[in-house]
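Undergrad: Okay, handing you the structure first.
No value in this document is a laboratory result; all are computed from the given coordinates. Please read all numbers here as calculations on a predicted model, not as lab measurements. All Cβ positions, even for glycine, are placed from backbone atoms using ideal geometry, and neighbour counts span all protein chains on display.
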Amino acid sequence: MAESEGIVRQTVSLPPRLASQVKALAKSGRTSANRVLVELIESGLEARDAEKERFFALTDRLAESKSAAERRRIKNELARLTFGD
């Protein structure tokens, strides 16, 4: 998180189990629960962006593929990404 971007205060309600996990991570990492939440949100957003990039890379490969077997495999992988297992 870049400090020059400023800070926006947000209120988040967590289920007790998650709140306990956040507190435990903060304690073990000797940091604040707020910092743990920021890091988890940042990594989640990065993971979502990476998943989106992977999806578009697969669609590009599908469009370029000449092999029926490879197209079928890519379609199955895209279906898993879209709908889950």
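Undergrad: For the chain, run through the chymotrypsin sites (Phe, Trp or Tyr not before Pro) and keep only the ones in DSSP coil with at most 14 other Cβ atoms within 10 Å of their Cβ.
TA: Counting only loop positions with at most 14 other Cβ atoms within 10 Å, none of the chymotrypsin sites (Phe, Trp or Tyr not before Pro) in the chain qualifies.
Undergrad: Take the chain, connect every pair of alpha-carbon atoms lying under 10 Å apart with a spring to form a Gaussian network, then pick out the residue of S32, S13, S43 with the largest mean-square fluctuation.
TA: Among S32, S13, S43, the largest GNM mean-square fluctuation belongs to S13.
Undergrad: With semi-axes √(5λ) of the Cα gyration tensor in Å in mind, check (i) 18, 14, 10; (ii) 36, 18, 13; (iii) 39, 16, 10 and report the label derived from this structure.
TA: (iii)
Undergrad: Another question, then. Going by C-beta contacts inside 10 Å, put L58, L45 in order with the fewest on the left.
TA: On the way: L58 16, L45 10.
The most exposed by this proxy come first: L45, L58.
Undergrad: Among L58, L45, S28, pick out the residue whose Cα is farthest towards the positive end of the charge dipole of the chain, where Lys and Arg carry +1 and Asp and Glu carry -1 on C-beta, about the Cα centre.
TA: S28
Undergrad: Next up: Calculate for the chain the 222 nm mean residue ellipticity that helices alone would give, adding -39,500 (n - 2.57) per DSSP H run of length 4 or more and normalising by residue count, nearest 500 deg cm²/dmol.
TA: When only DSSP H runs of four or more count, the value is -25000 deg cm²/dmol.
Undergrad: In debye, nearest 20: dipole of the chain around its Cα centre with unit charges on the Cβ of K, R (+) and D, E (-)?
TA: Using only the charged Cβ atoms, the result is roughly 420 debye.
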